[in-house]
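One structure is given here, and the rest of the page talks about it.
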Amino acid sequence: MKYVRILRENVPAWGIVEEETVYTLSAAPFEGVSYDGGVLPLKDCKLLPPCEPTKIVCVGKNYFDHVKEFGGPVPEKPILFIKALNTLNGTEGEVHAPDFVERLDYEGELAFVIKKKAKDVKPEDFSDYILGYTCLNDITARDIQQADGQWTRGKGMDGFCPIGPLVTDEIDGGCADIETRLNGKTVQKANTDLFMTKLPQLMAFITASMTLEPGDVVTTGTPAGVGPMKPGDVVEVEIRGIGILRNHVV
């Protein structure tokens with residue numbers, strides 16, 4: 001299925017997308033799908049981030065080529081950090097960095113949304129715990145990240161985590177084409193089969209330390225090609241079978 005969150009009469013609602021139509025739900029689909037009878041054209045819907053997270057768990061340096069472009073050793077285990085809820089942003093949303101930021105970078109990624117409480121998950125049970133996959137842009141104030149020596153402030157500013165446009169269980173997240181475009185030019189292009197830590201092992205590693213709740217988001221790292229954006233730019237993250245996450249830098 002393909003799931004969206006929309007703004008309906010100024011109230012967030014979940015829905016199922018079939019072709020160009022949204023069939024609205026009476027509740028989040030984490031424990032099953034329950035339709036409420038609403039039917040809306042997709043083109044008329046304002047899309048919200050397709051998640052309801054308590055946290056966004058992020059993975060750094062999960063592609064060899066990205067490690068190479070920034071230098072340093074290859075991590076022996078996944079590097080984790082968390083984005084807070086103030087970073088949430090949706091497709092077509094605006095991205096604005098504070099005036100003191102000198103370099104603002106895009107980082108296109110595959111993410112997945114959790115559908116039930118997950119703790120000490122075995123790799124072979126990975127698929128039982130996810131609602132589906134979506135696109136994410138791990139926007140980073142690169143100069144702040146480097147100056148601070150850790151990642152919280154540089155990656156945690158308001159609106160620095162666009163997610164969308166939808167979440168789907170209809171693709172293989174372990175073998176998905178991902179592309180980032182800046183003003184229509186391809187700047188990142190890879191396939192998730194290049195992950196250093198594969199999705200089932202990543203889930204096991206994370207849930208050995210922390211419980212993931214329904215609606216939480218796990219994003220899986222960016223490939224090589226990260227680079228700067230400036231006001232007026234349009235950045236798109238596209239994953240085949242999901243769609244295009246588009247944002248405007250202001």
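Step by step: first the residues of region 69-127, then only those that are closer than 13 Å to Ile139 by Cα and among the acidic types (Asp, Glu), then the one that is surrounded by the fewest Cβ atoms within 10 Å (Cβ to Cβ). Which residue is that? If we take residues in region 69-127 being closer than 13 Å to Ile139 by Cα and among the acidic types (Asp, Glu), then Glu94 is surrounded by the fewest Cβ atoms within 10 Å (Cβ to Cβ). Applying a threshold of 9 Å to beta carbon distances and a minimum spacing of six or more residues, or different chains, the list of pairs starting in region 80-92 at a residue that is in the same structural domain as Lys61 (by TED's automatic domain parsing) and closer than 20 Å to Val234 by Cβ and ending at one that is of a type in the set (Lys, Arg) and outside any helix (DSSP H, G or I) reads Gly90/Arg5; Gly90/Lys46; Thr91/Arg246; Glu92/Lys46; Glu92/Arg246.
Of all residues in region 1-22, those that are not assigned by TED's automatic domain parsing to the domain that holds Gly164 have Cβ atoms under 6 Å from Cβ atoms of residues that are among the polar types (S, T, N, Q) and surrounded by fewer than 20 Cβ atoms within 10 Å (Cβ to Cβ), 6 or more apart or on another chain, in Ala13/Thr24; Gly15/Thr24.
Does Lys43 fit the bill of being assigned by TED's automatic domain parsing to the domain that holds Lys198 and either charged (D, E, K, R) or surrounded by 15 or more Cβ atoms within 10 Å (Cβ to Cβ) (or both)?
For Lys43, the condition - assigned by TED's automatic domain parsing to the domain that holds Lys198 and either charged (D, E, K, R) or surrounded by 15 or more Cβ atoms within 10 Å (Cβ to Cβ) (or both) - is not met.
Scanning region 82-106 for residues that are charged (D, E, K, R) and touching a Phe, Trp or Tyr at 6+ places or on another chain (Cβ under 8 Å) yields a total of 1.
The values are calculated or read from the model by the stated rules, or taken from the named source; none is laboratory data. No experiment lies behind these values; they were computed from the predicted model shown. Quick reminder, even Gly has a Cβ in these numbers, built from the backbone with ideal geometry, and neighbours come from all protein chains shown.
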